[in-house]
Amino acid sequence: MPMNALTISRRQLLGGVAASAFSLTLLGQVSEAFAQEKPESAGKVDMDKVLQPGPLPEMSIGDEKAPVTIVEYMSMTCPHCAHFHATTFDPIKTKYIDTGKVRFILREFPFDPVATAAFMLARCNPSDPKQLAGSKEYYAMVSMLFKQQRAWAAPADGNVRAALLQQSKLAGFTQESFTACLTNQKLLDDVNATMKRGAEEFGVNSTPTFLINGNRYSGDMSVEAMSALIDSML
């Protein structure tokens with residue numbers, strides 16, 4: 001999914017979550033054909049620079065000393081990102097992350113106010129939205145939201161805010177903590193800054209984009225394609 005904006009304002013965030021104002025073409029047909037079977041590098045990146053601390057705590061799983069590091073830039077309303085996490089991520093986690101061969105990092109690259117809101121909710125501790133969630137809670141929230149992407153990002157009645165609130169309550173949010181999280185200006189600024197850094201410093205302009213041991217790859221990947229890439233680096 002190509003980038004069409006670099007930052008989301010608080011007004012856009014609140015307005016976008018209140019109504020289904022963004023283009024629902026973002027949630028079009030997801031085809032397995034989009035997944036790259038033979039991914040080719042779209043450019044080089046300096047991984048030392050990539051792994052320098054950013055505006056938000058790193059959402060990382062796996063051994064920090066693993067021989068392969070994968071950084072995924074994604075958008076929560078991107079259907080190709082949802083497809084990757086529904087079909088590829090878990091097998092890769094089992095085969096490579098859990099065995100110490102890969103360190104995997106997720107970074108925010110929202111294309112619209114609804115994706116931004118979803119990321120903010122994944123970052124917030126539902127019992128205390130002034131505190132940030134840890135990696136385990138973040139990955140669990142992201143996984144849940146991707147599995148239910150159409151239900152909250154394109155609900156039948158068009159009420160995105162209500163649908164996102166309903167999903168958030170499953171993760172322990174209340175109406176109050178939901179609102180508190182989405183009105184956290186610093187968190188919004190930091191999510192925007194994460195996206196801006198990805199675009200300006202590492203050439204990210206679509207989602208998902210993977211930065212893997214110094215190479216940039218754009219687009220969804222099958223288990224076989226990502227496994228082949230990882231194996232070539234071990």
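Give the cross-link partners of Lys65 among the aspartates and glutamates, using a straight C-alpha distance below 19 Å as the criterion and excluding same-chain residues fewer than 8 apart. Straight-line reach from Lys65, under 19 Å: Asp46, Asp48, Asp98, Asp231. Residues Glu176, Glu58, ranked from the fewest to the most other C-beta atoms within 10 Å, line up as Glu176, Glu58. Pairs over the 31 Å Cα-Cα cut-off, from the set Lys101/Lys147; Lys147/Lys196; Lys95/Lys130; Lys44/Lys95; Lys49/Lys136: Lys95/Lys130. Net length available on complete extension from Ser135 to Asp189 is 17.5 nm, with 0.36 nm assigned per residue and the Cα-Cα distance removed.
Among Tyr73, Tyr139, sorting on how many other beta-carbon atoms sit within 10 Å of each Cβ, with the fewest leading, yields Tyr139, Tyr73.
Across the range 125-234, Cα pairs under 8 Å and at least six residues apart give a relative contact order of 20 percent. Packing order of peptides 110-120, 88-98, highest average first: 110-120, 88-98 (average count of other Cβ atoms within 10 Å over each peptide's residues).
Residue exposure proxy: Leu211, Leu187, Leu170, ordered by other Cβ atoms within 10 angstrom of their Cβ from fewest to most, comes out as Leu170, Leu187, Leu211.
Any read-out appearing in this document is the output of simple, stated calculations on the displayed coordinates, not a laboratory observation. Values in this document were obtained by computation on a predicted structure and should not be read as measured data. Glycine also receives a Cβ, built like all others from the backbone with ideal geometry; neighbour counts cover every protein chain displayed.
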